[in-house]
Amino acid sequence: MIRRLVDYLIDTNILVRWANAADPQRPVVLNALAILIGRGDDLKVAAQNMIEFWVTATRPVANNGLGLSPAQAQPLVGTLTTLFQLIADTPAVFPEWLTLVTSLGVSGKQSHDARLAAVMLVANITHILTFNTGDFVRYGSRGILPIDPATVQ
């Protein structure tokens, strides 16, 4: 049986743990990424992921950030956009997002995840690698499958 390659969006919480050598979940992330890359799956990030990564990377450690300066964060962003294909933001994302948030009753901070779901739908990406699988379950009816990195084999 031939296995179809899968497109994955890599969520920001994966990117942050990739960059933080002290994070206890980093080995899980590195293992999952190695497996996905090894089997030839397409790993992608959205501009939103890179912006969220920057916010977390440059936020003080006391505020749940990595405490990096912009000069320290910039090469990490460069490496991430080399490792993972950057999905272009297109005008089709906003109407898709608006449809999702209104039809599914999404509000507050969950609206950020809805935008990632909209990017995925527009780009025909079916899987998202995330520690926050529960945040994406509501989009299952739209064909989005959240995958916890600990379950990647």
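Worth a mention:
- The chain - convex hull of the alpha-carbon atoms, volume per residue in Å³: 119
- Extension gain, Asp89-Thr102: 0.36 nm per intervening residue step, less the Cα-Cα distance, totals 2.6 nm.
- Taking a Cβ cut-off of under 12 Å around Asn49, the surrounding Lys, Arg, Asp and Glu residues balance to a net charge of -2, with basic ones at +1 and acidic ones at -1.
- As a length-normalised measure over Cα pairs under 8 Å and 6 or more apart, the relative contact order of the chain settles at 27 percent.
- Extension gain for Asn124-Ser141 works out to 4.7 nm (0.36 nm per residue, less the C-alpha to C-alpha distance).
- Cα gyration tensor shape of the range 1-91, rounded if a/c is under 1.5, else prolate or oblate by comparing a/b with b/c: oblate
- Efficiency of FRET between Ala62 and Gln110 - r from beta-carbon atoms, R0 22 angstrom, step 0.05: 0.30
- Sites Ala21 and Ile51 - FRET efficiency at Förster radius 22 Å, r taken between beta-carbons, to 0.05: 0.45
- Dipole size of the chain about its Cα centre, with +1 on Lys/Arg Cβ and -1 on Asp/Glu Cβ: approximately 140 debye, rounded to the nearest 20.
All of the numbers you see were taken from the coordinates with simple rules; none came from a lab. Note that the structure is predicted; figures quoted are calculated from it, not measured. Quick reminder, even Gly has a Cβ in these numbers, built from the backbone with ideal geometry, and neighbours come from all protein chains shown.
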